[in-house]
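Report on one structure; see the data block that follows.
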Amino acid sequence: MSLDFLKINERMVSSFEDSVSMKPKNPVDKAVGNFADYMEQAVDDTNDLSMQSKDITKKFLMGEVENVHDVMIASERAGLAMKTMMSLRKKIMEAYRDISSTRL
């Protein structure tokens with residue numbers, strides 16, 4: 001029985017590459033690949049939270065929802081998401097101004 005060291009080495013390298021592949025470990029790592037997609041998802045999530053808040057508030061005013069805590073939680077989530085989005089927008093605009101004013 002002869003051992004083919006080249007084949008063994010290839011198997012070891014391929015199994016190592018499979019185990020150490022560049023798979024994202026968390027949502028932030030996924031966003032690193034495409035910033036525009038990350039921002040689009042963040043805007044969509046903010047819009048969804050806002051729509052959910054409006055819906056539950058409307059249901060509360062119509063008497064369909066009795067728990068005011070759920071209404072307040074939805075409202076605060078939407079408000080916090082909007083504040084975060086506006087803060088992010090401000091930082092992006094500041095970065096854009098800094099980059100555009102930089103002389104090459």
Original post:
Is one or more of the residues making up region 71-88 more than 20 Å from Ser50 (Cβ to Cβ) and either touching a Gly at 6+ places or on another chain (Cβ under 6 Å) or modelled with pLDDT of 90 or more (or both)?
Top reply: no
**OP:** Identify, by number, the condition in (1) over 25 Å from the mean Cα position of the chain (by Cα); (2) surrounded by 10 or more Cβ atoms within 10 Å (Cβ to Cβ); (3) of a type in the set (A, V, I, L, M) that Ala81 doesn't meet.
**Re:** (1)
Original post:
Quick one: in region 84-104, which of the residues that are under 26 Å from Val43 (Cβ atoms) and among the hydrophobic types (A, V, I, L, M, F, W, C) is farthest from the chain's Cα centre (by Cα)?
Top reply: Ile99
Subject >> Residues of region 84-99 satisfying the condition of being of a type in the set (A, V, I, L, M, F, W, C) and exposed (fewer than 10 other Cβ atoms within 10 Å of the Cβ) >> reply: Ile99
Original post:
Can you name the residue in region 56-70 that is of a type outside the set (Ser, Thr, Tyr) and surrounded by 13 or more Cβ atoms within 10 Å (Cβ to Cβ) and is also modelled with the lowest pLDDT among such residues?
Top reply: Val65
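The values are calculated or read from the model by the stated rules, or taken from the named source; none is laboratory data. Because the structure is a prediction, the values reported are computed rather than measured. Reconstructed Cβ throughout: ideal geometry from the backbone, glycine too, with neighbour counts over all protein chains shown.
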